[in-house]
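These notes are about the structure you will find just below.
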Ligand SMILES: [Zn+2]
């Protein structure tokens, strides 16, 4: 088996810490953020105008990637994909969020400056519809990542429906890439002291320090000097993987199971980069050699009856996990995604309201998980 030797020194452990962090986790943004509607709240009275989303599609909206320093950036009226619904109970709440974001768009350069001053770090900044990046990297590298994130966004939107993203705005999920340990500690110190990050694990800071990457539900901070080749995966792979993981955790309100987050992050990489270079580890570095074609590896495993049953894989904790398990998680999530986009989007909603994997799968896809597992085996062996 050829060794790829990629590694990801970013740890599930740290994301797990974020999952247990207190409800009222502060966000680094200096301005009011778009508020993400919690889908487990009692639903408001049904509204036909906006299909109870509180939002109306905005015709002036154009997909964009906004790089810091662009000569001709789109105006604020083009930056938001929605306006508040005039006809339902969600209206006033959405109106406030809408106005706050419009205001921020008019003053976004000031917004970036304030953020950098507080972090005491300088970045190349960018925004897409649902991502915000602050990179200590060249403008060309940051641009490459920005367009990859935007492409992933477009893929997911086309396949899962625009509803999948809810009201997620450009500044709700932030990806920070810093150049070295000094800058990383600076950023981590900001999270600890200025944001007063809380976690169930009293050792979170020390663990984050040694892992070189740290994630909360709406921010990821990574040291790029740990991630670059030859030992590690390249920056585009890392950034896409990290962002996909943060996105799904955020949309699932921190309740998405780990097997699903891992598979989804790999799916994100696969969708826009055509291959996988990253995997997550928990607690200890776990060096794994992968067969480079993950679809082929999963198919081979199913044919030889070596793939673990779903109910075993669903307990995956990323501790000393063998390569085949990572590849099967990727394959399962990819299968669910390809089988039915609308059901896949519904699956995330089911996780969000606290359903277990078997319950969530049955609710979303309308068939028992045992049947889905059998269908997956047929599908995976067919080489699709
Ligand atoms: Zn409405």
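Tabulated data for the structure shown
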read-out: Nearest-0.05 FRET efficiency for residue 306 and residue 78, computed from C-beta distance (R0 35 Å); value: 0.10
read-out: Relative contact order %, segment 12-381, counting alpha carbon pairs below 8 Å whose residues are six or more apart; value: 17 percent
read-out: Radius, Kirkwood style, for segment 12-381 when every pair of distinct Cα atoms is counted (Å); value: 21.3 Å
read-out: 319, 353, 332 arranged by Cβ crowding within 10 Å, fewest neighbours leading; value: 319, 353, 332
read-out: Scattering curve values for segment 207-354, log₁₀ I(q)/I(0), Debye with Cα scatterers, q = 0.18 Å⁻¹; value: -1.15
read-out: Potential lengthening between residue 209 and residue 163 on full extension [0.36 nm per residue; Cα-Cα distance subtracted]; value: 12.9 nm
read-out: Relative contact order, percent, segment 209-356 [alpha-carbon distance under 8 Å, six or more residues apart]; value: 26 percent
read-out: Ranked 152, 247, criterion: other C-beta atoms within 10 Å, fewest first; value: 152, 247
read-out: Value of relative contact order over segment 102-205, rounded to a whole percent, pairs C-alpha under 8 Å and six or more apart; value: 28 percent
read-out: Fewest-first ranking of 255, 110, using other Cβ atoms within 10 Å as the exposure measure; value: 110, 255
read-out: DSSP beta bridge pairing in segment 12-381, given as percent antiparallel to the nearest 5; value: 55 percent
read-out: Inter-part distance where segment 234-280 and segment 338-379 are each reduced to a Cα centre, Å; value: 18 Å
read-out: Gained length - residue 340 relative to residue 71, 0.36 nm times residue gap less alpha-carbon distance; value: 92.8 nm
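Quick note: the coordinates plus some simple rules give every number you see, no bench work behind them. Owing to the predicted nature of the structure, the values given are computational and were not obtained by experimental measurement. Positions of Cβ are generated from backbone atoms using ideal geometry, with glycine treated the same way; all protein chains shown enter the neighbour counts.
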